[in-house]
1. What are the equivalent ellipsoid semi-axes of region 2-125, built from the alpha-carbon gyration tensor (square roots of five times its eigenvalues), in whole angstrom, biggest first?
2. For K17, which lysines qualify as cross-link partners when the Cα separation must be under 20 Å and same-chain residues fewer than eight apart are set aside?
3. Restrict the search to region 124-197; then list the trypsin sites (Lys or Arg not before Pro) that DSSP places in a loop and that have at most 10 other Cβ atoms within 10 Å of their Cβ.
4. In this model, which of K159/K245; K172/K247; K55/K159 are farther than 19 Å apart at the alpha-carbon?
5. Let me check against my output: what whole-number percent is the relative contact order of the chain, with C-alpha pairs under 8 Å and at least 6 apart?
6. Tell me the label-point distance for the pair A146, A37, using the 7 Å Cα-to-Cβ offset, in nm and rounded to one decimal.
7. Along each principal axis of its Cα atoms, how long is the chain end to end? Whole angstroms, biggest number first, please.
8. Give me the number: length gained by fully extending R217 to S76, i.e. 0.36 nm times residue separation minus the C-alpha to C-alpha distance, one decimal in nm.
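Nothing in this text is a laboratory measurement; each read-out follows from the coordinates by a stated rule. What you see is a predicted model; the values in this text were computed from it and never measured. Every residue, glycine as well, gets a Cβ built from its backbone with ideal geometry; the counts of neighbours run over all protein chains shown.
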Amino acid sequence: MAVCVATNVAASAAEWKHVRQIEIYTIHSDFSLEPYAELIEDLASLRTDVASVLKLPIPDEQIDVYLFAEKSTYESYMRHYFPGTVARRAMFIKSNSPGNVFAFKSDQFAVDLRHEVTHAILNAMLPTVPLWLDEGLAEYFELPTAERINGHEHLGSTKSRAFWFRHTSLAKLEGLLELEQMGQRQYRDAWAWIHFMINGPPEARTALIDYLGQLERHQTPGSLSQWLKREMDDPDKRFVEHFRKWKS
């Protein structure tokens with residue numbers, strides 16, 4: 001069934017009005033891409049950016065992107081090619097084909113597109129990615145580079161919680177195995193742990209990069225929370241301190 005769906009989606013590509021090839025992306029759109037030239041360039045640089053930050057090889061696997069002007073057209077398309085799938089505002093789907101990203105022009109179009117393309121990049125780099133880590137990294141890279149560290153809406157509530165010494169443990173996030181378990185709070189907390197590991201103590205960054213390296217080599221590294229504990233004393237305390245002291 002997965003092969004059949006992938007074949008049908010690929011066959012439909014010839015029907016698109018606007019098609020653009022840029023690096024590993026083939027972008028199919030039912031509206032002109034000219035007003036979105038800067039966003040398209042963002043996608044082109046995103047894979048090297050993700051690879052650089054995470055110290056992973058730059059992926060060369062093809063990624064197909066399908067863009068819709070209208071929500072109704074998007075939902076109709078998803079029902080046709082992916083029956084039974086609950087269509088979110090944007091989606092990344094990968095079966096036995098290159099990664100496929102789908103999105104429509106909402107008020108969060110640019111954020112949604114970078115988020116789902118990050119999923120596609122990660123899944124091209126790594127044979128498997130734990131759910132919380134996949135979503136946390138996608139949340140982190142969904143903003144333009146200049147806004148990434150201090151511009152996310154999650155930062156304010158995370159800092160407020162840290163002020164009252166409140167946080168969600170990484171071990172609890174690691175227990176989330178289904179996408180349906182991810183709500184706004186879980187996305188925020190996954191983003192927060194990624195922010196801590198990329199921008200916090202060097203030991204935390206080391207744990208993240210070494211863990212991802214193990215995944216990239218098709219090894220089974222266990223839980224990232226255990227890697228953090230091997231690299232530093234009391235990661236939860238250091239996490240809270242990171243956000244209590246963080247100056248936006």
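1. On the way: eigenvalues 94, 59, 36 Å².
Working through the eigenvalues yields semi-axes of 22, 17, 13 Å.
2. K71, K105
3. Numbers: sites: R148, K159, R161, R166, K172, R185, R188; in loops: R148, R166.
Counting only loop positions with at most 10 other Cβ atoms within 10 Å, the trypsin sites (Lys or Arg not before Pro) in region 124-197 are R166.
4. On the way: K159/K245 9 Å; K172/K247 27 Å; K55/K159 28 Å.
Result: K172/K247; K55/K159 exceed 19 Å.
5. Numbers: 323 pairs, mean separation 39.7, N = 248.
It comes to 16 percent, rounded to a whole number.
6. So the two model labels end up 1.8 nm from each other.
7. Principal-axis extents of the chain (Cα, largest first): 56, 36, 32 Å.
8. Working: separation 141, 0.36 × 141 = 50.76 nm, distance 3.90 nm.
This chain segment gains 46.9 nm when fully extended.
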